[in-house]
1. Would a scan of the stretch 260-280 turn up a residue that is open to solvent by less than 70 Å² (accessible area, probe 1.4 Å) and over 21 Å from the mean Cα position of the chain (by Cα)?
2. Being crowded, with 17+ Cβ neighbours inside 10 Å and not small (Gly, Ala, Ser) narrows it down to one of LYS160, LYS250, so name that one.
3. If ASP60 satisfies every condition in (1) in contact with an Asp or Glu (Cβ under 9 Å, 6 or more places away or on another chain); (2) of a type in the set (D, E, K, R); (3) farther than 22 Å from GLY108 by Cα; (4) touching a residue at least 40 places away in the same chain (Cβ under 8 Å) but one, which is the exception?
4. Checking the structure you have, find out if any residue of the stretch 190-207 is in a strand (DSSP E or B), of a type in the set (Gly, Ala, Ser), within 21 Å of ILE127 (Cβ to Cβ) and within 18 Å of the chain's Cα centre (by Cα).
5. Answer with yes or no whether LEU96 is in contact with a Lys or Arg (Cβ under 7 Å, 6 or more places away or on another chain), surrounded by fewer than 21 Cβ atoms within 10 Å (Cβ to Cβ) and farther than 30 Å from ALA65 by Cα.
6. Are any residues in the stretch 310-329 farther than 15 Å from ASN254 by Cα and either open to solvent by 40 Å² or more (accessible area, probe 1.4 Å) or among the polar types (S, T, N, Q) (or both), and if so, which ones?
7. Of everything in the stretch 359-389 that's more than 25 Å from GLY141 (Cα to Cα) and either among the charged types (D, E, K, R) or surrounded by 14 or more Cβ atoms within 10 Å (Cβ to Cβ) (or both), which residue is modelled with the lowest pLDDT?
8. Would it be correct to say that GLY326 is at positive phi, modelled with pLDDT under 95 and more than 21 Å from the chain's Cα centre (by Cα)?
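The values are calculated or read from the model by the stated rules, or taken from the named source; none is laboratory data. All of these numbers come straight from a predicted model, not from anything done at the bench. We place every Cβ from the backbone using ideal geometry, glycine too, and count neighbours over all the protein chains shown. Ligands, DNA and RNA are excluded from the accessible area calculation, which covers all protein heavy atoms including side chains. Shrake-Rupley method; radii C 1.70, N 1.55, O 1.52, S 1.80 Å.
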Amino acid sequence: MPENKIGSSPSDGVEEKTYIPMWLLAELTYACPVQCPYCSNPLQISANRKQELTTDQWIDVLRQARKLGAVQLGFSGGEPLVRTDLLQLLEEAKSLGFYTNLITSAIGLDADKIAAFKEAGLGHIQISFQGSNRESNEKFGGTDSFDQKMAMTKEVIRQKLPLGLNFVLHRHNLHQVGEFLETAEQLGAEFVELANTQYYGWAKHNQQGLLPSKKQLEDAERVTNEFRSRHKGTMDVFFVAPDYYDDRPKKCSNGWATTFINVTPEGDVLPCHAAKIIPGVEFPNVKQQNLGDIWCSSDLFNKYRGTDWMVEPCASCPEKEIDLGGCRCQALMLTGDAANADPVCSLSPYHEEVTAITDQAQNEFDPDEPAPLLFRNMKNAKQFNTDQS
């Protein structure tokens, strides 16, 4: 993705880049009927829904973000369908000119809601699966929701709403990639994301039980490529490898505070969904600050923006403008300092932290091996409490 600069202005003889937050992720709630062990939400999240932004506050956030230049809007959670005001927020997003995407487990979805969401201007819906069959979906999602997901996928296609399917991959289901793809093909999906787990939040806590071996990863990529070769042009398939098996880091959200803005259910504003783990900074909140001031002037958003903050070897690396130093949260989790070179990079002095982790995952996988995982299990996870006072 190219840099989304809206211009530059001189400051003390130094040219500053000004960026647009083109992509807004609105995490409407952390309440969720599923309890995935790879959930990217924080380990410590509030179960008190009274702290969530109200409808009017969310509408104000959308208006501020659109004024800043945001054009793409994702509604996620938790499970965004828990919010009874989702239709109203979609209507507001349409009036503002957003392209909207709903990221959902499909639990709580029905044909009438799909029709209403489409009428309200929803541009795309993404349904997540936790397994390729009823048994594995329940095992890794904690709910008997497979039939509901299948039915709603078919209904979305029937109503001709653009659809993407998301299969989160890990050690215990990576061997099901072929089944995932066959399921997507049978359903008639146009877009499939095979997203290997990235290790933040609950996934980091469950890292030892989730990280696949390199052979598992290679086998899954081979199956995916074979499927692609047989189905050219009929279905887009994206295979997202886990960072730990790369030797060069990826840009953090296309570059820290250059493209992406995340608003949590309680109104905290983040440059990436995992940034709450960064120590020593205040997390700005839309209840106290204007979104534009947060984006342009807050310490958090400027802390790792650009390249001036870099230490060696990143500071003198000829590729620093390509990856912008990689992931700050990953650097923090693995080295104790968010300013260090992302350990995924083979040039990082901390690369051995990653290889030590991947080395432990190389034992041969047995589909019957136990999965000692900690599942997210909020008190209200299965209640669908929809109060928003």
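1. Scanning the stretch 260-280 turns up no residue that is open to solvent by less than 70 Å² (accessible area, probe 1.4 Å) and over 21 Å from the mean Cα position of the chain (by Cα).
2. LYS250
3. (1)
4. Taking the stretch 190-207 as the starting set, the residues that turn out to be in a strand (DSSP E or B) are 191-196.
Then keep just the ones that are of a type in the set (Gly, Ala, Ser); that gives 195.
Within this subset, residues satisfying the condition of being within 21 Å of ILE127 (Cβ to Cβ) are 195.
Still in the running and within 18 Å of the chain's Cα centre (by Cα): 195.
Checking the stretch 190-207: at least one residue is in a strand (DSSP E or B), of a type in the set (Gly, Ala, Ser), within 21 Å of ILE127 (Cβ to Cβ) and within 18 Å of the chain's Cα centre (by Cα).
5. Numbers: in contact with a Lys or Arg (Cβ under 7 Å, 6 or more places away or on another chain): yes; surrounded by fewer than 21 Cβ atoms within 10 Å (Cβ to Cβ): yes; farther than 30 Å from ALA65 by Cα: no.
Criteria not met by LEU96.
6. Within the stretch 310-329, the subset farther than 15 Å from ASN254 by Cα is 310-318.
Those that are farther than 15 Å from ASN254 by Cα and either open to solvent by 40 Å² or more (accessible area, probe 1.4 Å) or among the polar types (S, T, N, Q) (or both): VAL311, GLU312, PRO313, SER316, PRO318.
7. Looking at the filtered set, the residue picked out is GLN388.
8. Here the answer is no, as GLY326 does not meet what is asked.
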